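Engineer: I am attaching a structure below and will ask some questions about it afterwards.
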Amino acid sequence: MTETANIVIVGGGLEGLAAAWCLAERGETDVLVLERGTLCSGMTGKSSGIVRCHYGVPSLAAMAWHGVQVFSEAEQIFGTDIGFRQTGYVVGVGPDNTAPLAANVEMHRSLGVPVETIDADEVRRLLPGIALDPFAAFAYEPLGGHGDAYMTGMAYGTRARALGVRVRQSTTVTSLLQRDGGEVYGVRLADGSEIHAGTVVLATGVWSPALGATAGVDIPIRAQREQLLLVDQGEPTPDIPTFSDLVNLQYIRREPNGDLLVGNSDHSTPEWADPDDYVNRADDPFVETAIAKLDRLLPAMPDPRLASSYAGCYDTTPDYNPVIGPSPAPGLFLLVGFSGHGYKISPAVGRLAADLLLDGISSDAAVDGADFRYSRFAEGKPLASLNPYVGAGEMR
Ligand SMILES: Cc1cc2nc3c(=O)[nH]c(=O)nc-3n(C[C@H](O)[C@H](O)[C@H](O)COP(=O)(O)OP(=O)(O)OC[C@H]3O[C@@H](n4cnc5c(N)ncnc54)[C@H](O)[C@@H]3O)c2cc1C
């Protein structure tokens with residue numbers, strides 16, 4: 001007999017598992033997650049896990065704020081540590097970006113996000129040794145910080161399973177099953193067997209376009225390689241806030257072992273890559289540029305040394321924002337395209353996916369589900385920041 005489930009989720013990464021968890025919390029437990037490897041073995045394991053509400057799109061700021069609240073209570077909700085460290089979050093901008101910073105902070109306050117603008121003295125107190133000459137204004141979120149995306153995804157999965165969701169690993173979906181009328185009614189697995197479903201949720205990150213194509217759905221995602229450095233400053237970094245440097249377009253956060261994690265925020269020349277065949281360490285030119293930027297930011301590092309590096313791929317959409325909602329093929333729901341910022345919003349992504357799948361509408365008045373509709377690209381209405389930063393790319 002063919003196996004069935006009300007909802008089949010393809011992809012056991014952070015977002016698919018967030019959806020499984022939230023569906024189960026809402027009472028929908030006839031859910032089957034299919035993961036070709038092991039849970040969270042995709043790009044989730046590469047995440048920097050930065051947590052901040054600093055977005056220029058109100059829905060995303062509200063989703064990140066929901067994320068902060070869930071992460072803050074993770075021990076109670078999931079009964080386990082998800083690696084969330086509430087170090088605080090500081091964003092610094094140059095003179096040309098003080099107006100958008102102020103407008104974003106005001107918008108965040110209207111959503112209830114605890115955030116304040118702080119002066120250079122306060123930033124120096126929070127981040128000892130930082131060179132502040134290129135910066136003109138700062139915002140501080142005391143409840144931000146960073147988490148561990150792998151631990152978080154596993155916590156979603158464990159909770160979902162405890163509530164009755166079925167999870168199958170080492171299970172590759174090779175195609176979507178589609179009726180003549182276009183409706184998707186299940187999936188075909190690598191062993192040729194079929195699983196039939198009321199709805200199939202595609203949560204396969206950078207690998208989504210190929211699966212979408214099996215049902216004739218064009219998924220506008222490209223894999224964008226991003227390189228990360230781990231820097232040993234010569235002595236363990238103190239417990240500093242996560243810092244977004246919107247002048248040099250770089251971010252830093254403290255690793256549990258005291259190293260600094262250094263990531264790139266300059267998306268002006270994205271490197272498109274094959275997610276199954278990319279170099280998993282930083283290239284020399286990238287290292288040179290990133291270290292020069294870091295030297296400018298923290299000139300007093302005692303004895304800096306590159307400890308390690310790696311790379312991951314963002315599932316980048318044309319507007320650097322996700323697609324959450326029905327696809328053009330009835331029965332196929334998309335949960336893809338998180339474009340390098342899907343960690344902090346993942347609790348809200350799960351909630352929105354469950355809302356849309358069960359009720360067709362977002363339960364949070366501050367989160368407009370239509371913002372993430374598939375059709376926005378064809379309509380020529382990308383989801384864009386209300387208060388964009390000059391030269392700071394599409395990420396905000
Ligand atoms: C380098 C990097 C840094 C990041 N930093 C941050 C950050 O600081 N803050 C933030 O908020 N976000 C960040 N993100 C983004 C965030 O981590 C991702 O958006 C999120 O983890 C993606 O989860 P996912 O479930 O969509 O994808 P994935 O974790 O990639 O999961 C997709 C899953 O689908 C499975 N799969 C694929 N094809 C098939 C198939 N045919 N059959 C079955 N299973 C299949 C894969 O094996 C994989 O496990 C970062 C991402 C990267 C790559």
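Engineer: Going by a ≥ b ≥ c, the root eigenvalues of the Cα gyration tensor, does the range 34-79 fall in the rounded group (a/c under 1.5), the prolate group (a/b larger than b/c) or the oblate group?
Structural biologist: Because a/c hits 1.5 or more and a/b fails to exceed b/c, the range 34-79 counts as oblate.
Engineer: Right, another one. Over 14 Å, how big is the tail of the calculated P(r) for the range 172-222, in percent of all Cα pairs?
Structural biologist: The answer is 49 percent, as a whole percent.
Engineer: Net charge near residue 296: determine it from the other residues with C-beta under 10 Å of the C-beta of residue 296, scoring Lys and Arg +1 and Asp and Glu -1.
Structural biologist: Charge balance near residue 296 sits at -2.
Engineer: Scan the chain and report its longest stretch carrying no GluC sites (Glu not before Pro) that are both in a DSSP loop and have at most 12 other Cβ atoms within 10 Å.
Structural biologist: Between the exposed loop sites, the longest stretch runs 74-378.
Engineer: If each DSSP helix of 4+ residues adds -39,500 (n - 2.57) and the sum is divided by the residues in the chain, what number results at 222 nm, nearest 500 deg cm²/dmol?
Structural biologist: Counting only the DSSP helices, I get -7500 deg cm²/dmol.
Engineer: Here's a follow-up. Counting Lys +1, Arg +1, Asp -1, Glu -1, what net charge surrounds residue 81 among other residues with beta carbon under 15 Å of its beta carbon?
Structural biologist: Value of the local net charge: -1.
Engineer: Still on this model: What's the long-distance tail for the range 249-312, i.e. % of Cα pairs beyond 15 Å?
Structural biologist: Considering the range 249-312, 57 percent of its Cα-Cα pairs are separated by more than 15 Å.
Engineer: Can you pull the percent of the range 175-303's accessible area that's carbon plus sulfur, 1.4 Å probe, other chains left in place?
Structural biologist: In the range 175-303, the share of accessible area belonging to carbon and sulfur is 46 percent.
Engineer: Next question, about the same structure. Within the range 123-227, report the trypsin sites (Lys or Arg not before Pro) that DSSP leaves as loop and that have at most 15 other Cβ atoms within 10 Å.
Structural biologist: Here the sparse-neighbourhood loop sites are 179.
Engineer: Another one. Expressed as a whole number of Å, what is the distance separating the alpha-carbon centroids of the range 10-88 and the range 255-291?
Structural biologist: 23 Å
Engineer: Inverting the mean 1/r over all pairs of different Cα atoms, compute the Kirkwood radius of the range 238-355 and quote it in Å.
Structural biologist: Radius from the Kirkwood sum: 16.9 Å.
Engineer: Could you give the semi-axes, largest first, of the ellipsoid that matches the range 315-396, computed as the square roots of 5 times the alpha carbon gyration tensor eigenvalues and rounded to whole Å?
Structural biologist: Taking √(5λ) for each Cα gyration eigenvalue gives 22, 15, 12 Å.
Engineer: Among residues other than residue 286 whose Cβ falls under 14 Å from its Cβ, what is the net charge (Lys/Arg +1, Asp/Glu -1)?
Structural biologist: It works out to a net charge of -3.
Engineer: Right, something else. Take the alpha-carbon positions of the chain, form their convex hull, and give its projected area averaged over all directions (one quarter of the hull surface) in nm².
Structural biologist: Hull-based average projected area comes out at 18.5 nm².
Engineer: So what is the accessible area of the chain per residue, in Å², with the probe set to 1.4 Å?
Structural biologist: 39 Å²
The values are calculated or read from the model by the stated rules, or taken from the named source; none is laboratory data. Fair warning: this is a prediction, and the values are worked out from it, not measured in the lab. Cβ sites come from the backbone with ideal geometry, for glycine too, and all protein chains shown count toward neighbours. Side chains included, ligands, DNA and RNA excluded: accessible areas come from the protein's heavy atoms. Shrake-Rupley method; radii C 1.70, N 1.55, O 1.52, S 1.80 Å.
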